[in-house]
Amino acid sequence: MYILTLFGILLQFQVGYRHIDTAQVYGNEADVGLACKQSGIPRSQIYVTTKLWSSQWGYDRATAAIKSSLTRLGLDYVDLMLLHHPADPNLRAETWRALEDSKDQIWRALEDAKDQGLLKSIGVSNFSEAHIEKLLLTAKHKPVVNQIEIHPFLQRRALVKYCQKQGISLQAYSPLTRGIRLNDASLKFLADKKGITTAQLLIRWTIQKGYITLPKSVNAERQFQNFNVTSFELSSEEMDSLDDLEEGWVSGWDPVANDPV
């Protein structure tokens with residue numbers, strides 16, 4: 001994991017990427033921090049996102065976990081920290097003393113860390129409209145980001161519309177469908193017609209939708225291809241064709257739909 005993470009991130013930096021997305025549960029925050037230092041790139045030019053896992057519910061545990069992430073990363077601040085998923089409110093209540101020591105309290109821990117300058121921005125991941133609405137009942141700072149799985153096969157249009165209305169930016173994880181649908185006939189037809197890869201096609205779709213796209217690869221050639229998506233645009237007809245692929249297909253877990261409110 002160490003070699004793969006460090007090598008992959010250093011490759012990304014060489015290609016031109018400056019946004020690194022990690023999480024406590026990934027177990028690679030220390031590797032991410034080391035790669036940032038070894039890159040020689042000024043800290044101000046690197047954007048680091050990490051995520052707080054649901055085992056850290058509760059104000060005190062969340063506060064300690066935030067500081068632990070900073071220690072592992074070797075950074076004075078994190079650009080963006082997200083709640084990794086909504087989790088189960090009953091589990092939170094049973095495990096961490098009382099219902100009130102739950103999502104509103106963990107969010108308060110992020111808000112306080114933001115006010116202290118430890119976190120530049122705070123947001124959520126895998127939250128539905130209902131999850132966000134509940135969070136906003138007690139939030140002082142609105143989440144700036146909702147990181148969710150988005151690609152033409154899973155467009156979450158109602159959630160996207162809600163977040164845009166709230167001024168919450170969308171980060172699209174697994175925009176390449178974890179590689180599962182890259183050989184889809186419809187994708188290949190459009191990509192071949194434009195002389196691009198299906199991965200480039202999917203990334204360009206998310207960009208033109210206005211999402212912050214998070215493609216992942218440790219292969220140098222694919223990293224370069226995925227980065228080189230500014231030299232072409234998709235026509236309105238091509239965007240419509242990709243929009244027509246919506247089928248509600250989730251490539252992995254789905255806390256948006258499955259985590260209780």
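The local environment of Thr49, defined by Cβ-Cβ distances under 9 Å, has a net charge of -1 under the rule Lys, Arg +1 and Asp, Glu -1.
With contacts defined as alpha carbon pairs under 8 Å and 6 or more residues apart, what's the relative contact order of region 95-225 in percent? In percent, rounded to a whole number, it is 19. Shape of region 1-143 from the C-alpha gyration tensor: prolate (a/c of 1.5 or more and a/b above b/c, with a ≥ b ≥ c the square roots of its eigenvalues). How big is the gap, in Å, between the Cα center of region 3-63 and the Cα center of region 226-261? Using only Cα atoms, the two centres lie 25 Å from each other.
Sites listed here are trypsin sites (Lys or Arg not before Pro) in region 163-261 whose DSSP assignment is loop and whose Cβ has at most 16 other Cβ atoms within 10 Å: Lys216.
Find me the longest stretch of the chain that has none of the exposed GluC sites (Glu not before Pro), where exposed means in a DSSP loop (not H, G, I, E or B) with at most 14 other Cβ atoms within 10 Å. Walk me through the intermediate numbers first.
Values: sites that count: Glu100, Glu233, Glu246, Glu247.
Answer - 101-232.
Excluding ligands, DNA and RNA, the accessible surface per residue across the chain is 46 Å² with a 1.4 Å probe. Among beta bridges from DSSP that stay inside the chain, the antiparallel ones total about 5%.
So which of Lys114/Lys161; Lys37/Lys216; Lys37/Lys140 end up more than 30 Å apart, counting from Cα to Cα?
Values: Lys114/Lys161 27 Å; Lys37/Lys216 20 Å; Lys37/Lys140 33 Å.
The answer is Lys37/Lys140.
Summary value for region 1-143: 21 percent relative contact order, contacts being C-alpha pairs under 8 angstrom separated by 6+ residues. Potential lengthening of the chain between Ala64 and Leu136 amounts to 23.6 nm, from the contour at 0.36 nm per residue minus the alpha-carbon distance. Scan the chain and hand back the longest stretch that contains none of the chymotrypsin sites (Phe, Trp or Tyr not before Pro) lying in DSSP loops with at most 13 other Cβ atoms within 10 Å. Result for the longest clean stretch: 1-231. I'd like the orientation of helix 157-166 relative to the chain: the angle between its Cα long axis and the longest Cα principal axis, in ° from 0 to 90, rounded to 10. The angle comes out near 60 degrees. Taking 0.36 nm per residue of separation and subtracting the current Cα-Cα distance, fully stretching the chain between Trp53 and Gln208 would add 52.7 nm.
Here region 1-143 has 54 percent of its accessible surface on carbon and sulfur atoms, given a 1.4 Å probe and all protein chains in place.
So what's the convex hull volume per residue for the Cα atoms of the chain, in Å³?
Here the figure is 124 Å³ per residue.
Across region 153-249, the mean sequence separation of Cα contacts (distance under 8 Å, 6 or more residues apart), normalised by length, yields a relative contact order of 37 percent. Across Met239, Met81, the residue with the most accessible area heads the list, and the full order at a 1.4 Å probe is Met239, Met81. Can you work out the PRE-style zone for Ala185? Point 7 Å along Cα to Cβ, and I want the residues of region 240-260 with backbone N under 20 Å. The answer is 240-249, whose backbone nitrogens lie closer than 20 Å to the label point. Projected onto its three principal axes, the C-alpha set of region 153-249 covers 37, 27, 25 Å, listed from the longest axis down. Rolling a 1.4 Å probe over the protein heavy atoms leaves Asp112 with an accessible area of roughly 40 Å².
Give the carbon-plus-sulfur fraction of the accessible surface of region 153-249 in %, rounded to a whole number; probe 1.4 Å, heavy atoms of protein chains only. Provide the component values of the computation, followed by the final result.
Working: 2480 of 5000 Å².
About 50 percent, which is the carbon plus sulfur part of the accessible surface.
The values are calculated or read from the model by the stated rules, or taken from the named source; none is laboratory data. This one's a predicted model, so the numbers in the text were calculated from it and none came from an experiment. All Cβ positions, glycine included, derive from the backbone under ideal geometry; neighbour counts span all protein chains shown. Please note that ligands, DNA and RNA were not included when accessible areas were found on the heavy atoms of the full protein model with its side chains. Shrake-Rupley method; radii C 1.70, N 1.55, O 1.52, S 1.80 Å.
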